[in-house]
Amino acid sequence: MKKGTGMIALAIFVAVVCVLGIGTIVHTQVEGMQTQTAKHATKSKTTKKPTKTVNINWRKPSQNKPYPKWQALKKPSLLVSTKNQRVAVLDGHKTVYMMYASTGKNNTTPKGHFRIQPERGTFFYNQGSREGARYWVSFKDHGIYLFHTVPTNASGQYNRQEAAYLGKKSNSHGCVRLSVPDAKWLYQTVPVGTPVNIY
């Protein structure tokens, strides 16, 4: 073999080794990237826990237990959560009963510290809003802001479409809607002067 031919053969051999080497490196890098992508996809793919659907019946008490005995409570108050659509009956800091609620849409339920007022009744109907309710109890402005049942029409028949929002969505004109038994219990039980805290 001539010296020139040997040099050419060596150059070709080196070139082939380099190409094969680079190909192996590129292949290894691609495999590594695929593995990392697969790992990332596995990490970002989280399994969602099935959400528990709460079945709320506006015709029944919110909890499957007796209402608290008011006389047994040492420091009773009502706490209204406009965020969670709940009314808690508290004894001091302890929740003794939890009610489903529907507060004012567009933040129309006033927030702050109030007290149960003397005004209460078994039924009202508002011509302006074309809504009424049963078992109402005033907590602000003497008959303007109330606790009461889900809304009714002028005949006292409950509005099922509005009642479906109970515990799920704020949809009143500013009052705090409750289930029929919860509102009746509050009307019959909670005395004037009881603190009402709304946040």
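The values are calculated or read from the model by the stated rules, or taken from the named source; none is laboratory data. It should be emphasised that the depicted structure is a prediction, and the values quoted were computed from it without experimental measurement. Backbone-built Cβ (ideal geometry, glycine too); neighbour counts: all protein chains shown. SASA here: full protein model, heavy atoms, side chains in, ligands and nucleic acids out. Shrake-Rupley method; radii C 1.70, N 1.55, O 1.52, S 1.80 Å.
Per-structure values
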item	result
Odd one out for Tyr125, checked against (1) touching a Gly at 6+ places or on another chain (Cβ under 6 Å); (2) open to solvent by 20 Å² or more (accessible area, probe 1.4 Å); (3) under 30 Å from Lys74 (Cβ atoms)	(3)
Among residues of region 64-81, those that are touching a strand residue (DSSP E or B) at 6+ places or on another chain (Cβ under 7 Å) and open to solvent by less than 60 Å² (accessible area, probe 1.4 Å), counted	9
Filter result (farther than 16 Å from Gly104 by Cβ, outside any loop (DSSP other than H, G, I, E, B) and of a type in the set (Ser, Thr, Tyr)) within region 130-187	Tyr135, Thr152, Tyr158, Tyr187
Subset tally (residues that are surrounded by fewer than 21 Cβ atoms within 10 Å (Cβ to Cβ) and farther than 16 Å from Ile198 by Cα) for region 132-151	3
Residue among Tyr158, Tyr97 that alone is modelled with pLDDT of 95 or more and open to solvent by 30 Å² or more (accessible area, probe 1.4 Å)	Tyr158
All positions within region 98-130 that are of a type outside the set (S, T, N, Q), within 28 Å of Asn57 (Cβ to Cβ) and over 26 Å from the mean Cα position of the chain (by Cα)	Ile116, Arg120, Gly121, Phe123, Phe124, Tyr125, Arg130
Strands (runs of 3 or more DSSP E) wholly inside region 50-121 containing at least 2 residues that are under 18 Å from Trp185 (Cβ atoms)	76-81, 86-91, 94-100
Condition met for Thr189 (touching a helix residue (DSSP H, G or I) at 6+ places or on another chain (Cβ under 7 Å) and under 23 Å from Gly92 (Cβ atoms))	yes
Any chance Ser102 is open to solvent by less than 70 Å² (accessible area, probe 1.4 Å) and closer than 15 Å to Leu166 by Cβ	yes
